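Asks: Got a structure here, written out as structure tokens. Questions coming.
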Amino acid sequence: MIKNDLFLKALKGETVQRPPVWMMRQAGRYLPEFRALRDKYDFFTRCETPELAAEITVQPIRIIKPDAAILFSDILVVPRAMGIHVELKDNLGPIIPNPIRTMEQVNQVFVPNIEETLGYVMDAIKLTKEMLDDEVPLIGFAGSPWTIFCYAVEGKGSKSFDTAKGFCFSNPVAAHTLLQKITDTTILYLKEKVKAGVNAVQIFDSWGGMLSPVDYQEFSWKYINQIVEALAEVTPVIVFGKGCWFALNEMGRSKASALGVDWTCTPRNARYLSGGNVTLQGNFDPSRLLSPIPTIKKMVHEMIDEFGKDKYIVNLGHGILPNIPVDHAKAFVDAVKEYGEK
């Protein structure tokens, strides 16, 4: 039994004394302990070495003490397993040297054997679970098919992903074929993560907001929903689409246990758009953690008041920034715990 199961209770919609709290990218560069390992090992070495991934995962649990851990990994381990060469350099972001631009290239991408290609992730989960000793739940995650597709086709990060969008509109058969392969792989991958011991999964649709509402349905949501449908029977699923407020109504009718919201959507609008019944997660602006600590605490309490303490998971509206002082990150977590003592 998980000793602190607030996060799991919130996913079930149960009444709680206070909402749970964790932060996207909580195992990240703002922590000196993380930077010490980053300086010794390159990015994929950290992802692919279970001992390092487990240690990085539990660092924030010891230091800032959130209510859930999220496995240290990267969304791009999935395309790497599918035969797409990915390079990741700290501070530069991901590079795909041979981006996918033709049907011929799409045909070379394969749905892999998860155990052979991503077994190291399952080993990291088992090791992390041992280290956590049932203190808090462990979250596994994957990128949405559309977000993975964006990197695979664009070849790098982008402000608008025009090349990826252009591929969808000029070569829709190839685009849908690639999206389906990514979806099939992601379903197999997340199911293995659940078997290995994660207590919930989150799908990150970081670039969903690049699409119009109509195109979002065709090129992102229908693939995310396949994953939700396949996983909901075995674990709670959280869907986080950055900039995807327009899809909250559709998402709210799915089998997702919770929906992530970014800071551009008010709690009131998020409740209204999502139908008012599903658990919501978010949505503190990550830059706001640079505010003075008393301001952070005041704003967190106001945010909880606006969302309501039940069917709610306190989080940021995207990943924590590398330049956030550790005591400010801790103040964010502490503010939620203090709310429960009011």
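The values are calculated or read from the model by the stated rules, or taken from the named source; none is laboratory data. Bear in mind that the values here come from a model prediction, so they are computed numbers and not experimental data. Cβ placement follows ideal geometry from the backbone for every residue including glycine, while neighbour counts extend to all protein chains displayed. The accessibility values were calculated without ligands, DNA or RNA, using every heavy atom of the protein model including side chains. Shrake-Rupley method; radii C 1.70, N 1.55, O 1.52, S 1.80 Å.
To keep it simple, each residue is scored yes or no on (1) in contact with a strand residue (DSSP E or B) (Cβ under 8 Å, 6 or more places away or on another chain); (2) open to solvent by 10 Å² or more (accessible area, probe 1.4 Å).
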{"position": "14", "(1), (2)": "no, yes"}
{"position": "19", "(1), (2)": "yes, no"}
{"position": "31", "(1), (2)": "no, no"}
{"position": "39", "(1), (2)": "no, yes"}
{"position": "47", "(1), (2)": "no, no"}
{"position": "63", "(1), (2)": "no, yes"}
{"position": "72", "(1), (2)": "no, yes"}
{"position": "76", "(1), (2)": "yes, no"}
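Asks: Considering only the range 1-17, state which residues are touching a Pro at 6+ places or on another chain (Cβ under 6 Å) and of a type in the set (Gly, Ala, Ser).
Replies: 10
Asks: Can you give me the ranges of the helices (runs of 4 or more DSSP H) entirely in the range 1-86 with at least 3 residues that are under 30 Å from residue 111 (Cα atoms) and hydrophobic (A, V, I, L, M, F, W, C)?
Replies: The qualifying helices (runs of 4 or more DSSP H) are 43-48, 50-63, 77-81.
Asks: Scan (1) in contact with a Gly (Cβ under 9 Å, 6 or more places away or on another chain); (2) more than 20 Å from residue 17 (Cβ to Cβ) for the single condition residue 279 breaks and write down its number.
Replies: (2)
Asks: OK, next. Evaluate the range 274-289: report whether one residue or more is more than 22 Å from the chain's Cα centre (by Cα), of a type in the set (S, T, N, Q) and more than 18 Å from residue 70 (Cα to Cα).
Replies: The answer is no; no qualifying residue exists.
Asks: If you check every pair at least six apart or on different chains, which have Cβ atoms under 8 Å apart with a residue in the range 317-328 that is surrounded by 14 or more Cβ atoms within 10 Å (Cβ to Cβ) first and a residue that is among the β-branched types (Val, Ile, Thr) second?
Replies: What qualifies is 317/261; 317/264; 326/63; 326/64; 328/293; 328/296.
Asks: Sticking with this one: Which number in (1) surrounded by 18 or more Cβ atoms within 10 Å (Cβ to Cβ); (2) in a loop (DSSP other than H, G, I, E, B); (3) without any contact (Cβ under 8 Å) to a residue 40 or more places away in the chain marks the one condition that residue 91 misses?
Replies: The number of the failed condition is (1).
Asks: Name the one entry in 84, 114, 125, 96 that is open to solvent by less than 50 Å² (accessible area, probe 1.4 Å), touching a residue at least 12 places away in the same chain (Cβ under 8 Å), closer than 12 Å to residue 178 by Cα and touching a helix residue (DSSP H, G or I) at 6+ places or on another chain (Cβ under 8 Å).
Replies: 84
Asks: Suppose the filter is among the charged types (D, E, K, R), open to solvent by 50 Å² or more (accessible area, probe 1.4 Å) and modelled with pLDDT of 95 or more; does residue 341 pass it?
Replies: no
Asks: Here is a list: 277, 269. Which entry is over 23 Å from residue 29 (Cβ atoms), assigned to a loop (DSSP other than H, G, I, E, B) and at pLDDT 95 or above?
Replies: Answer to the selection: 277.
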